[in-house]
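Notes for the one structure printed next.
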Amino acid sequence: MQKPSTYLDYAASTPVEPRVLDAMLPYFSEQYGNPSAVHIWGQKAENAVERSREKIATILDCKPNEIVFTSCGSESDNLALRGVALEARETKNARHILITPVEHHAVLNTAKDLEHLHGFEVEFLEVDSLGLVSPEDLTSKIRSDTALVSIIFANNEIGTINDVHALGDICQSKNVPLHTDAVQAASQLSMKVNELNVQLLSLGAHKFYGPKGIGALYVRSGINISPSQTGGGQEFGLRAGTSNVPLIVGMAEAFEITNATRTDHNEKYRKLRDRLLSSIPNLVPDSRITGHPIHRLPNHASFVFRGVDGNQLLAALDAAGFGCSSGSACKTGDPTPSDVLLAIGLPAQWALGSLRVTVGRSTQDEDIEHFLGVLPAIIEQLRKVNS
Ligand SMILES: Cc1ncc(COP(=O)(O)O)c(C=O)c1O
């Protein structure tokens with residue numbers, strides 16, 4: 001099988017940055033103690049975990065004990081929704097959850113599970129054709145029995161960035177916690193939780209040049225939340241299990257590097273992204289940009305092509321040496337139109353032909369020019385075959 005030579009799927013995952021790998025390595029073999037142990041091996045491991053927690057807290061501008069390590073962004077979303085909803089039902093008989101129709105499946109399916117297994121009523125906030133949540137709609141839908149609101153920060157499929165600060169103001173005025181899934185946003189946007197005005201925020205390290213298998217959830221002090229995993233008292237009793245020391249160290253290192261270099265990388269990403277956004281609609285007939293033209297992730301370009309099968313398009317691009325995606329990495333191979341694209345009002349005929357192109361630290365101008373050179377012919381060919 002031919003391997004893609006040009007990776008344009010940085011929203012799905014990123015390579016571990018060499019400095020991150022170097023920081024992690026000693027914790028696999030030399031400093032292998034269990035952070036819960038009393039002896040010096042345990043103390044060294046515990047110090048590494050707590051230093052990492054402090055580094056992440058500094059970037060979020062919060063207290064270290066507000067950071068809970070998890071195994072991934074999905075687990076962070078699960079802990080936020082289940083933990084807050086179930087606790088709110090116990091303590092204040094809350095039964096209502098508000099989410100958007102453009103959430104990642106980690107939020108959507110957790111909310112559905114809370115509805116089916118635990119009797120919550122899940123209500124969807126409206127999004128416009130660009131994927132933005134309306135503050136008026138949020139204001140009108142929050143109820144006295146709302147357990148929590150969950151709104152994606154930057155959308156993985158269409159790149160749209162919500163005004164989380166303004167939405168957070170509304171939730172705060174109604175005294176309802178706001179969770180934001182910042183798994184995509186964290187590689188490019190500020191994560192200062194007080195400026196964002198959120199009570200819970202999910203992160204996953206593999207989206208910002210850290211390792212897979214590690215994530216974190218910010219939980220503001222005072223938020224009542226029950227554990228997702230019971231056992232030992234690790235992670236303030238919210239997530240039992242021996243801490244994954246090397247991955248925690250790697251996540252903190254990757255996040256520090258990302259935060260320090262974000263502005264420069266974003267500038268480069270924007271140029272590459274804008275070249276894609278301005279060229280593809282001219283080069284390919286019957287094509288549209290999806291997501292917001294301005295309020296979108298700097299590295300994210302997404303499109304739909306009428307009458308094209310998105311999976312065939314990804315396979316043809318792969319054969320031509322390009323690794324792209326149709327939206328969420330988890331969706332690849334699924335022949336049904338994406339919920340996100342249907343929610344922003346695209347007919348199935350368009351939504352089935354979606355393409356997400358996301359650039360990263362190694363992407364060069366030539367990669368984009370090469371891509372633009374092959375895409376129109378591939379689409380023309382697919383349309384011919386299917387007509
Ligand atoms: C917005 C969003 N939320 C959650 C996730 C899940 O993150 P993880 O792969 O770390 O479980 C992803 C991954 O694509 C995502 O894009």
If I filter segment 57-71 down to residues being surrounded by fewer than 21 Cβ atoms within 10 Å (Cβ to Cβ) and not in a helix (DSSP H, G or I), which single residue comes out as nearest to the ligand (Cβ to nearest atom)?
Ser71
If the Cβ limit is 6 Å and pairs must be 6+ apart or interchain, which residue in segment 70-85 that is more than 10 Å from Gln229 (Cβ to Cβ) pairs with which residue that is near the ligand (Cβ under 9 Å from one of its atoms) and aliphatic (A, V, I, L, M)?
Gly73/Val183; Ser74/Ala106; Asp77/Ala106; Asp77/Val107
Number of the exception - Val127 against (1) under 17 Å from Glu195 (Cβ atoms); (2) buried (at least 16 other Cβ atoms within 10 Å of the Cβ):
(1)
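Which residue is nearest to the chain's Cα centre (by Cα), if the candidates are limited to segment 1-35 and must be among the small types (Gly, Ala, Ser) and loosely packed, with under 14 Cβ neighbours inside 10 Å? Break it down stepwise before answering.
Filtering segment 1-35 for residues among the small types (Gly, Ala, Ser) gives 5, 11-13, 23, 29, 33.
Still in the running and loosely packed, with under 14 Cβ neighbours inside 10 Å: 5, 29.
Values: Ser5: 25, Ser29: 31 Å.
Taking the candidates together, the pick is Ser5.
Quick check on my filter: what residues within segment 209-253 are in a loop (DSSP other than H, G, I, E, B) and of a type in the set (Lys, Arg)?
Within segment 209-253, the first condition is being in a loop (DSSP other than H, G, I, E, B), and the residues that meet it are 209-214, 220-228, 230-234, 238, 240-244.
Lys212, Arg220, listed by residue number.
Name every residue in segment 86-112 that is part of a loop (DSSP other than H, G, I, E, B) and touching a Phe, Trp or Tyr at 6+ places or on another chain (Cβ under 8 Å), in order of residue number.
Within segment 86-112, the subset part of a loop (DSSP other than H, G, I, E, B) is 93-95, 100-104.
Passing the criteria: Arg95, Thr100, Pro101.
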Quick check on my filter: what residues within segment 219-249 are within 16 Å of the ligand (Cβ to nearest atom), modelled with pLDDT of 95 or more and either among the β-branched types (Val, Ile, Thr) or farther than 22 Å from Ser13 by Cβ (or both)?
Arg239, Ile248
In contact (Cβ under 8 Å) with a residue 24 or more places away in the chain, touching an Asp or Glu at 6+ places or on another chain (Cβ under 7 Å) and of a type in the set (Ser, Thr, Tyr): which single residue out of Ser279, Ser226, Ser243 fits that description?
Ser226
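Scan segment 290-304 and tell me whether some residue there is closer than 26 Å to Val385 by Cβ, at pLDDT below 95 and not in a strand (DSSP E or B). Don't jump to the end; show me each part of the working.
Residues of segment 290-304 closer than 26 Å to Val385 by Cβ: 290, 301-304.
From the residues that got through so far, the ones that are at pLDDT below 95 too are none.
For segment 290-304, residues closer than 26 Å to Val385 by Cβ, at pLDDT below 95 and not in a strand (DSSP E or B): absent.
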What tally of residues in segment 72-85 results from selecting those that are in contact with a Leu (Cβ under 9 Å, 6 or more places away or on another chain) and part of a loop (DSSP other than H, G, I, E, B)?
0
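The values are calculated or read from the model by the stated rules, or taken from the named source; none is laboratory data. No experiment lies behind these values; they were computed from the predicted model shown. For neighbour counting, all protein chains shown are included, and Cβ atoms are generated from backbone atoms with ideal geometry for every residue, glycine included.
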